[in-house]
Amino acid sequence: MTDDPSRKVDISRRRFLASLGTLGLGAAGLMLPGAAQAAKVKPDDELVTLHDLSKCVGCGSCVEACREANARKFPEPVRPFPAMYPESVKVEDWSGKRMVTDRLTPYNWLYIQTARGQFQGQRFEVHIPRRCMHCQNPPCANLCPWGAAAREDNGIVRIDPGICLGGAKCKSVCPWEIPMRQTGVGLYLKIMPRYAGNGVMFKCDRCADRVAEGRKPACIEGCPYGVQDIGSRTDMVAKAHALARNMGGYIYGETENGGTNSLYVSPVPFDTLDAAATTGPGKPHLSPVRDMMADEDKLAYAALFAPVAGVIAGALRLGSRLAGGGLKETKPGARPAPAAARPAPDDETESLALPKPGRDDFNLSLGPDRKTDAPTGKPGRPAEPGEGGK
Ligand code: SF4
Ligand code: SF4
Ligand code: SF4
């Protein structure tokens, strides 16, 4: 309870905006952006991936597994690229740099970020597999004007390449700027190549097709060290807290941006990791993130625009199907059985028998005798090889 009248007005306005979004649901039909779906999702239905960073050695097997499993989803752009209007709109072409693995690109949806530094008088080297966080209330899905980005009931956030026009709204509102654009591919080429977008946005879809078949995501299956686990939100949050307690560690993702379905547990605080890691385009930060959708302007936009975006998405999807595009592997909104994708006890034995993580034995490389080139702050941002290149 509060006696502050301005707070009461604020809460009433939020409820009003939220109710507008709800009222629009019936009209929108089909696949709705995340804001409109959020009310239907029970937290326990969401699948969460949990990374135990004390186990990751940075071998990159997960990155290779991801690239192999998702290669057929990667873009094949058509040249020459249409001239864009206004001319300030950038071409983003990663098709000649498909082998880049040290950052996120349209062809690399997972990379290993490494942080080296000192914590409590000891040197550390922590490897962090980075990809989409699959936010519980994702601004990318809530604010996509075309309804191309959507959150599914199992917590996966996907971008439909068949209807994405590459306007990059999802990237600009994502707290980690995860989605990556490839020019010269997608529906915009068939609509108004000069005026309607600039390609398609790509990011981790948490192996939605594999998950729908009851299989684990490729990066989880491909890790020889059992770094990741997957299961219901309730189980994974409890496991994250137990892990953090055991190692005297820290959790990232549980509350960031209002909560995400990718959790990290680290023996080193995340602000220390963030300061020590290289961040910038394609290399997401590890800072605390407030709930972006709590911002009143965004809430209003989502509530008022979600129904319209849903209708547009339906129309674009129909057009895309006629043109032979769109998601094919699983129906948007289809919910796989979480239990099927959850590792059975036997699966957990697949990981190597490593010592139970503790303050002194976390990560293989902790110790004062290790060389480190840890920067004291964030290094300068390197030139963008794909962004803006012709
Ligand atoms: S998550 Fe596993 S596969 Fe990926 S880099 Fe770490 S140890 Fe290697
Ligand atoms: S991390 Fe960014 S791209 Fe991924 S779901 Fe959240 S807002 Fe969307
Ligand atoms: S969940 Fe699938 S798409 Fe996402 S990073 Fe892992 S392998 Fe790649």
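None of the figures in this text is laboratory data; all of them are computed from the coordinates on show. In this text, all values refer to a predicted model and were calculated from it rather than measured experimentally. Counting neighbours? That spans all protein chains shown, and the Cβs are built from the backbone with ideal geometry, glycine included.
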- Item | Distance in nm between pseudo-label sites at T278 and T234 (7 Å out along the Cβ direction from Cα) | 4.3
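How do V126, V173 rank when sorted from fewest to most other Cβ atoms within 10 Å of their own Cβ?
Numbers: V126 27, V173 22.
Ordered from fewest to most neighbouring Cβ atoms within 10 Å, V126, V173 come out as V173, V126.
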- Once the piece of chain linking D153 and C59 is laid out straight, how much longer is it, given 0.36 nm per residue of separation minus the C-alpha distance between them? 30.6 nm
- Note on the structure: Ordered by fewest other Cβ atoms within 10 Å, a rough proxy for footprinting exposure, R181, R131, R123 read R123, R131, R181
- Message: A 20 angstrom limit on the alpha carbon distance is what I want to check against. Which of K169/K283; K216/K239; K169/K203; K216/K283 exceed it?
- Response: K216/K283
- Query: Near P77, within a Cβ-to-Cβ distance under 12 Å, what is the net charge of the other residues, with Lys and Arg +1 and Asp and Glu -1?
  - Reply: 0
- For the range 216-228, just list the computed ³J(HN,Hα) in residue order, Karplus coefficients 6.51, -1.76 and 1.60, θ = phi - 60°, integers in Hz, with x standing in for Gly and Pro. 7, x, 4, 5, 6, 5, x, 8, x, 10, x, 5, 9
- How compact and how long is the range 104-181, expressed as Rg and Dmax of its alpha-carbon atoms in Å? 15.6, 52
- Item | Whole-Hz couplings from phi, Karplus 6.51/-1.76/1.60, listed for the range 202-211; x for Gly and Pro | 10, 6, 4, 9, 6, 6, 3, 5, 5, 4
- Amide H contacts under 5 Å for R181, restricted to residues at least 5 apart in sequence or on another chain and with H modeled in the peptide plane, are F202
- Message: I need the phi-derived Karplus couplings for the range 242-249: 6.51 cos²θ - 1.76 cosθ + 1.60, θ = phi - 60°, integer Hz, Gly and Pro marked x.
- Response: 5, 4, 4, 5, 5, 9, x, x
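Using Cβ counts within 10 Å as a stand-in for footprinting exposure, how do D235, D45, D160 rank, fewest first?
Ranking D235, D45, D160 by Cβ neighbours within 10 Å, fewest first, gives D45, D235, D160.
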- Message: Rounded to whole Å, give me the distance from the Cα center of the range 122-150 to that of the range 217-288.
- Response: 12
